[in-house]
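Engineer: One structure, pasted below without further comment.
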Amino acid sequence: MQVTKEQFIRDFKDTLHEEQQIKIIDATPRELFIALAKTLRKYYTPLWLERRRDLEKEQKKIAYYFSIEFLPGRMLETNLLNLGLLETVKEAFADLDLDFDTIKETEHDMALGNGGLGRLAAAFMDSLATTGYAGFGNGLRYRYGLFKQRIVDGYQVELPDPWFDSTGSVWETRKDHDNVYVKLYGDVYLQADDAGNLTPVYQGAQILRAVPYDVAQLGFENDTVNNLRLWDVEIPEEDELRYPTIADRRRIEDITAVLYPDDSNAQGRELRLVQEYFMTSAGLQTIIRSYLKMNLPLEDIYQKVAVHINDTHPAVAPAEFMRLLVDEYGLSWDKAWQATVKTMSYTNHTILSEALEKWDAGLFKYVLPRVYQIVLEIDRRYVADLAAKGVAPDVIEATRVVKDNQIHMAHLAIIGGHSVNGVAKLHTELLKEDTLHAFYQLFPEKFNNKTNGIVQRRWTQIADEALSNELDKWIGKEWRTDIHHLRKLNAFVDDEQAQADFYQVKQTAKARLAKYIFETTGVEVSLDAIFDVQVKRLHAYKRQLLNVLHIIKLYWDLKDNPEKDMVPRVFIFGAKAAPGYHFAKSVIKVINELANLINNDETLGGKLKVVFLENYRVSLAELIIPAANVSEQISLASKEASGTSNMKFMMTGAITLATLDGANIEIKDEVGEDNIVIFGMDKDDVYEHYQKHDYYSRGIYENNPTLKRVIDSFVNGTIPNIQSEGMEIYETLITHNDEYFLLEDFDAYVKVQETIDKLYRNRSHWMKMSLVNIANSDKFTSDDTIEEYAREIWHLEK
Ligand code: 26V
């Protein structure tokens, strides 16, 4: 977009006057941010409208990405960058004597997601617009995003995160003309109409209004604007008598109040089911409506529409689509089913069985009585079809939708769609071999891999300006528009000047983070230390605790021998634990108490520091990741479906310290074994233990004095203030046989940490490794991932 600096300054001042009735000099940073955002909206709104008109006129196929989470983080800089205005605006602000960073910091992260899954959905929105495909998001407009984490006395405390104020978010537009109505609860019975067809009659259903809020998704320098549609809930005026008290109304407002309601109780689970259905039904109704405007036959809808089911949360989609096509639009079951299967596709994001959603059939029937009937019919026909084909009864039983009084959502997504994909090569192999093996045998053609990706622009051009400028200097600027030009950097990995220059880039990022660490925690860290970082959700399988075991080992090494020759190390953690996840919260407490112990022990000579940064989120990741020397990706092999922070660290020059899990394997394939540090059991070792049932953690503990001393530190008072948490951890590791095999991997992990120490001492060699990582990180651009989805799953045209 062409806007000169002078023009921008005029537009910006006008907006500030019109909207805030204030002059620059009197405005708060927040007011300046709002004015800036509104100026941008004026710039892109014509493109947004034009996009809508073009798509209607050209009747191109559209993919709809259904996801209960979208985690874009801050949008200001991405929007500026994508409009081609980031530099112009920074210069204009400098002229106006305004500090751009102060203004951008007033934007609240849009955190409508938990972690990787939600961030991936947001990345895909950016990449869909950037590649130019028509791909729209469909989700929920939560009033409160992911909780804000505070650490109090070492404990995680969760606070609500109201991410928009009374006027809503600056980036959204309410679209009342696109309201739809969603039916829940009540009774449904079937009645024959004059032609003898059975039609459903609803009695006492609750009817809610779904109101869309649209958020523009701008493509990178291509004038393309796609749409992310987030639904809010309202009580229709004609139904207000049903909700006479404030409490009645609150129960409805709760539907879009929080991301992931507490599902440890029945009420929370019911709310979650309502959320899932609400966004799915509202989205599908809108899709059918806009398709029908083209006057094409409804049974051909799959030619113009693809619906993607992001994890199982929107997996009610095939059943709801059937309900709409059959009940509301009168299609025959068979035609509707064909259209449904060709429209739907599904991504699995985890092999952990506890995360594969199943709904109690009674609850499902109570909340969604008609959809329940449809699910039963889908299940009945599925079983009958396979039985007629002679499929073995145990295979049918293993794959059907309704069994053991539960609705298996993944099964519904697989049966009701034409594509199932995993999110990294190993993950897809495990789905085929293990988790979804029976389905793979029945429908091998449905299975495919789509390795995750990241929006490289955010992690380089936005998060790491110094790195970006250095890259320009060495390889020219083309990489900014076509990331594959990064490979040119391979020519300079041995160049001493390049190594020195990029070392300085990393030091700059480390200094920025060190300042933040000092300001937020009071801990001083040396820039000569290795910044060793593990940031991600706290989960047992991700094994933050293995990292902790190693830190305690270093602590004892230094206590025994303060002269120990080691490069100083700063271990940096960022992690939120699910509010009901006791063990994860205990690990957070232990990390914080360990940090207190270590950071205040002067006998350690500053060689060891531990920092837990509270409230890890996208905007904090932008500060942390560029500053990392070491990227900890140490999940138990087979458990991390892909990981995506691993890709961000790689792109900004950290060395990956990893198990052979998820996309780590593909990172290794890109950089070669010499430029990544791999350790520990692989997936076959892990599965062998499962088969042989021969893992015995107490045996390892008793035969490894170093490890024993480390583990005993949790319960013998070494670390203060962790009596119950220390005991819980001890029991997890020893009494409960260490489900994620930390003990078996401990020695290997310690060894490669020593390798890291050695490698870091040779600056030239380290920087060569770092440069190889940056140079080959183009492989993980989500733009390419989206190209694959668009071509192979959604069959979109450009
Ligand atoms: C959810 C839950 C919820 C209940 C308790 C246990 C549990 C364990 C795992 C999950 C993960 C939900 C799905 C998810 O976020 N998967 C992540 O998706 C990323 C994007 O594909 C991927 O990079 C991560 O490896 C994967 O964990």
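Read the figures in this text as sums done on the coordinates, not as results from a lab. Small disclaimer: the values here were computed from a predicted structure and weren't measured. Virtual Cβ from ideal backbone geometry, glycine too; neighbours counted across all protein chains shown.
Engineer: So what is the 222 nm mean residue ellipticity for the chain from helices alone, if each DSSP H run of at least 4 adds -39500 (n - 2.57) and you divide by all residues, rounding to the nearest 500 deg cm²/dmol?
Structural biologist: -13500 deg cm²/dmol
Engineer: Further, regarding this structure: Using the count of nearby Cβ atoms within 10 Å as a rough guide to exposure, how do Tyr690, Tyr144, Tyr133, Tyr366 rank from fewest to most? Working shown, then result.
Structural biologist: Working: Tyr690 11, Tyr144 18, Tyr133 24, Tyr366 15.
Lowest to highest Cβ neighbour count: Tyr690, Tyr366, Tyr144, Tyr133.
Engineer: Compute the separation of the alpha-carbon centres of the range 489-562 and the range 682-761 and state it in Å as a whole number.
Structural biologist: The range 489-562 and the range 682-761 have Cα centres separated by 22 Å.
Engineer: While we're on this one: Are there any helices in the chain, counted as whole DSSP H runs, that stretch 20 Å or more along their axis by Cα and score at least 0.0 on average by Kyte-Doolittle, and if so which?
Structural biologist: Helix filter hits for the chain: 116-131, 369-388, 544-560, 582-599.
Engineer: Would you mind putting 596-609, 32-45, 111-124, 532-545 in packing order, based on average other-beta-carbon counts within 10 Å, highest first?
Structural biologist: Ranked from most to least packed, the peptides come out as 111-124, 532-545, 32-45, 596-609.
Engineer: Quick one: grab Rg to one decimal and Dmax as a whole number for the range 289-416, Cα atoms only, in Å.
Structural biologist: According to the Cα coordinates of the range 289-416, Rg and Dmax are 14.9, 45 Å.
Engineer: Please rank Lys450, Lys425, fewest neighbouring Cβ atoms within 10 Å first, as an exposure proxy.
Structural biologist: With the fewest neighbours first, Lys450, Lys425 line up as Lys425, Lys450.
Engineer: Put a dot 7 Å past each Cα toward the Cβ at Asp165 and Tyr541; how far apart are the dots in nm?
Structural biologist: 4.1 nm
Engineer: If you bin the C-alpha pair distances of the range 517-670 every 5 Å from 0, what whole percents do you get?
Structural biologist: 2, 9, 19, 22, 21, 15, 9, 3, 0
Engineer: Can you compute 3J(HN,Hα) from phi for each residue in the range 348-353, using the Karplus curve 6.51 cos²θ - 1.76 cosθ + 1.60 with θ = phi - 60°, rounded to whole Hz and x for Gly and Pro?
Structural biologist: With the stated coefficients, the range 348-353 comes to 9, 10, 6, 9, 5, 5 Hz.
Engineer: Is the range 209-303 best put as rounded, prolate or oblate by its Cα gyration tensor, with a ≥ b ≥ c the root eigenvalues, rounded for a/c under 1.5, and otherwise prolate when a/b is larger than b/c, oblate when not?
Structural biologist: Here the range 209-303 falls in the prolate category.
Engineer: Looking at the chain, what % of its DSSP beta bridges pair antiparallel, to the nearest 5?
Structural biologist: 45 percent
Engineer: Using modelled backbone amide H atoms (1.01 Å from N, in-plane), which distant-in-sequence or interchain residues come within less than 5 Å of Met344's amide H?
Structural biologist: Val307, His418
Engineer: Specify which residue in the list Leu636, Phe531, Asn490 is farthest towards the positive end of the charge dipole of the chain, using unit charges on the beta carbon of Lys, Arg (+1) and Asp, Glu (-1), about the Cα centre.
Structural biologist: Farthest towards the positive pole: Asn490.
Engineer: I've got another one for you. Compute the FRET efficiency between Gln723 and Asp385 as 1/(1 + (r/R0)^6), taking r as their Cβ-Cβ distance and R0 = 51 Å, and round to the nearest 0.05. All intermediate terms of the calculation are to be shown ahead of the outcome.
Structural biologist: On the way: r = 58 Å, r/R0 = 1.14.
E(calc), rounded to 0.05, equals 0.30.
Engineer: Got the relative contact order for the chain handy, in percent, Cα pairs under 8 Å and 6 or more residues apart?
Structural biologist: So the answer I get is 13 percent.
Engineer: Would you pull out the residues with amide H under 5 Å of Ile407's amide H, same chain only if 5 or more places away, H placed 1.01 Å from N?
Structural biologist: Trp359, Asp360, Ala361
Engineer: By average Cβ neighbour count within 10 Å, what is the ranking of 661-670, 563-572 from highest down?
Structural biologist: 661-670, 563-572
Engineer: Cα gyration tensor of the range 6-125, axes a ≥ b ≥ c as square roots of the eigenvalues: rounded (a/c below 1.5), prolate (a/b > b/c) or oblate?
Structural biologist: Oblate.
Engineer: Convert each backbone phi in the range 150-167 into a coupling constant with the Karplus relation 6.51 cos²θ - 1.76 cosθ + 1.60 (shift: θ = phi - 60°), then list the ³J(HN,Hα) values in order as whole Hz, x for Gly and Pro.
Structural biologist: Coupling constants for the range 150-167: 10, 9, 10, 6, x, 9, 6, 10, 9, 10, x, 10, x, 8, 10, 9, 4, 8 Hz.
Engineer: Same structure again: May I ask for the percentage of alpha-carbon pairs in the range 460-590 that lie more than 18 Å from each other?
Structural biologist: So the portion of pairs separated by more than 18 Å is 68 percent.
Engineer: Tell me, what is the FRET efficiency for Val157 and Asp300 to the nearest 0.05, using R0 = 45 angstrom and their Cβ-Cβ distance as r?
Structural biologist: Efficiency for this residue pair is about 0.25.
Engineer: Based on the alpha-carbon gyration tensor of the range 363-406 and its eigenvalue square roots a ≥ b ≥ c, which shape applies: rounded if a/c is under 1.5, prolate if not and a/b is larger than b/c, or oblate? Write out the running numbers ahead of the final one.
Structural biologist: Details: a/c = 5.27, a/b = 2.03, b/c = 2.59.
It comes out oblate by the Cα gyration axes.
Engineer: If contacts are Cα pairs under 8 angstrom and at least 6 residues apart, what is the relative contact order of the range 541-689 in percent?
Structural biologist: 21 percent
Engineer: Still on this structure, I have one more. Can you tell me the relative contact order of the range 131-228? Whole percent, Cα pairs under 8 Å, sequence separation 6 or more.
Structural biologist: Numbers: 137 pairs, mean separation 27.1, N = 98.
For the range 131-228, the relative contact order is 28 percent.
Engineer: Rounded to two decimals, what ratio of Rg to Rh does the chain give with C-alpha atoms and a Kirkwood Rh?
Structural biologist: The Rg/Rh ratio comes out at 0.97.
Engineer: Next up: Stretched out fully, how many nm does the piece from Glu18 to Thr755 gain, at 0.36 nm a residue minus the Cα gap?
Structural biologist: 259.3 nm
Engineer: Right, something else. For the range 623-683, what percent of Cα pairs sit more than 17 Å apart?
Structural biologist: 28 percent
Engineer: Long-range amide H contacts for Glu221: which residues qualify at under 5 Å (H placed 1.01 Å from N, peptide plane, sequence gap of 5 or more or a different chain)?
Structural biologist: Leu83, Gly84
Engineer: How fast does the range 417-490 diffuse by Stokes-Einstein, in µm²/s, taking the Kirkwood radius from C-alpha pairs at 10 °C and 1.306 mPa s?
Structural biologist: Taking Rh from Cα pairs, D becomes 107 µm²/s.
Engineer: Please report the spacing between the Cα centers of the range 414-476 and the range 6-45 in Å, no decimals.
Structural biologist: The range 414-476 and the range 6-45 have Cα centres spaced 39 Å from each other.
Engineer: On to the next question. State, to one decimal in nm, how far the label point of Lys477 lies from the label point of Lys708, with both points 7 Å from Cα in the Cβ direction.
Structural biologist: 6.4 nm
Engineer: While we're looking at this one, here's another question. For the range 568-575, what does the Karplus curve 6.51 cos²θ - 1.76 cosθ + 1.60, with θ = phi - 60°, yield as ³J(HN,Hα) per residue in whole Hz, taken in order and with x for Gly and Pro?
Structural biologist: Going residue by residue, I get x, 10, 10, 8, 10, 10, x, 5 Hz, with x marking Gly and Pro.
Engineer: Also, I was wondering about something else. With r as the distance between the Cβ atoms of Arg249 and Lys42 and R0 = 41 Å, compute the FRET efficiency 1/(1 + (r/R0)^6) and round to 0.05. Don't skip to the end; give the middle numbers.
Structural biologist: Numbers: r = 36 Å, r/R0 = 0.87.
Given R0 = 41 Å and the Cβ-Cβ separation, E is 0.70.
Engineer: Report the extension gain between Gln691 and His765 in nm, rounded to one decimal, defined as 0.36 nm multiplied by the number of residues separating them, less their alpha carbon distance.
Structural biologist: In short, 22.5 nm is gained.
Engineer: Right, another one. Between the range 125-156 and the range 321-392, how far is it from one alpha carbon centroid to the other, in angstrom?
Structural biologist: Centre-to-centre (Cα) distance: 28 Å.
Engineer: Now for a separate question. How many percent of Cα pairs in the range 149-262 exceed 19 Å?
Structural biologist: So the portion of pairs separated by more than 19 Å is 67 percent.
Engineer: Still on this structure, I have one more. Find how much the distance from Glu234 to Glu377 grows on full extension, using 0.36 nm per residue of separation minus their present alpha carbon separation; answer in nm with one decimal.
Structural biologist: Working: separation 143, 0.36 × 143 = 51.48 nm, distance 3.15 nm.
Once the chain is fully extended between Glu234 and Glu377, it gains 48.3 nm.
Engineer: Under a plain spin-label model, where a point goes 7 Å from the Cα along Cα-to-Cβ, how far apart in nm are Glu524 and His582?
Structural biologist: Between Glu524 and His582, the label points sit 4.2 nm apart.
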